[in-house]
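The values are calculated or read from the model by the stated rules, or taken from the named source; none is laboratory data. Worth saying up front: this structure is predicted, and the values here are computed from it rather than measured. No Cβ is skipped: glycine too gets one built from the backbone with ideal geometry, and neighbour counts run over all protein chains shown. Accessible surface is based on the protein model in full, side chains and every heavy atom, while ligands, DNA and RNA are left aside. Shrake-Rupley method; radii C 1.70, N 1.55, O 1.52, S 1.80 Å.
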Amino acid sequence: GTAMAAVRDVEIDPEGTFKYILVRLQRPGGEEQRDIVRGTKAAEFHNHIFEKVNPEMEKLGYECKCLGGGKIEHNNKDKKIRVFGLSTGYGKADHSVTVEILKKVYADYEITWSDDKK
């Protein structure tokens, strides 16, 4: 799975509070799968993020499934990330899974999550 390894675990804005989604990538008919985190202030709605990720991943030969969403508060000055909230359309992502993925990339950060709406 070299191509799958080339897909970055996390692509989020460097600062601020924004919507995010947890996306499962899978090879059609294959066992290989992994979850990635995508979030940006540019997205007014969660589906805007998915609509951008999905075609990119399809080109690489993956099926995408959105596992839910929420919000990320990224404070790069204090090296803190907070994961919270939910997506109206996709439901709430498992924030604990999101945190584990974020930890791979932001190893020196304090990363927390809650089911708070705000």
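Scanning the range 1-10 for residues that are of a type outside the set (A, V, I, L, M) and open to solvent by 70 Å² or more (accessible area, probe 1.4 Å), which turns out modelled with the lowest pLDDT?
1
Tally the residues that are surrounded by fewer than 17 Cβ atoms within 10 Å (Cβ to Cβ) and either modelled with pLDDT under 95 or outside any strand (DSSP E or B) (or both), restricting the search to the range 64-89.
6
Kindly indicate whether residue 67 is over 11 Å from the mean Cα position of the chain (by Cα) and among the aliphatic types (A, V, I, L, M).
Details: over 11 Å from the mean Cα position of the chain (by Cα): no; among the aliphatic types (A, V, I, L, M): yes.
Against the criterion (over 11 Å from the mean Cα position of the chain (by Cα) and among the aliphatic types (A, V, I, L, M)), residue 67 does not qualify.
Is it the case that residue 98 is among the hydroxyl-bearing types (Ser, Thr, Tyr) and assigned to a strand (DSSP E or B)?
no
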